[in-house]
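The values are calculated or read from the model by the stated rules, or taken from the named source; none is laboratory data. In this text the structure is predicted, and so the values were computed from the model without any measurement. Here the Cβ positions follow ideal geometry from the backbone for every residue, glycine too, while neighbour counts run over all protein chains shown. Note: areas computed on protein heavy atoms with side chains; ligands, DNA, RNA excluded. Shrake-Rupley method; radii C 1.70, N 1.55, O 1.52, S 1.80 Å.
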Amino acid sequence: MKEIGRVSQWVNAHIKPCRTWSIGESSDRWDYPSDGKGDCEDYALFKRKILIEEGFPRQALLMTVVKDDITKATLS
């Protein structure tokens, strides 16, 4: 578990938080934060990528997406 914590801390320290979508857009762009900036799923993707490269099994690092209408209701 130390490896996971180390990767998480490194990514958190090296990626600047910013949202990668605009209000009114219907979808978010998921990508690695190659420009050094990203939002929560970009952080998660990058951490997952590093852990896989370090030998963690891909099948143990699954991600789940939950969509709801709360955001739309809040923004309208």
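Values as computed for the structure displayed
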{"item": "Difference of contour (0.36 nm per residue) and Cα-Cα distance, Met63 to Glu41", "result": "7.0 nm"}
{"item": "Amide H contacts of Lys37 (H built 1.01 Å from N, under 5 Å, at least 5 apart or other chain)", "result": "Lys16"}
{"item": "Sequence of Lys2, Lys16 when ordered by accessible area, the most exposed leading, probe 1.4 angstrom", "result": "Lys2, Lys16"}
{"item": "Rough spin-label spacing in nm, given labels placed 7 Å along Cα→Cβ, for Arg19 and Ile52", "result": "2.8"}
{"item": "Which listed pairs, of Lys37/Lys67; Lys16/Lys49; Lys2/Lys47; Lys2/Lys67, have C-alpha distances above 21 Å, in listed order", "result": "Lys37/Lys67; Lys2/Lys67"}
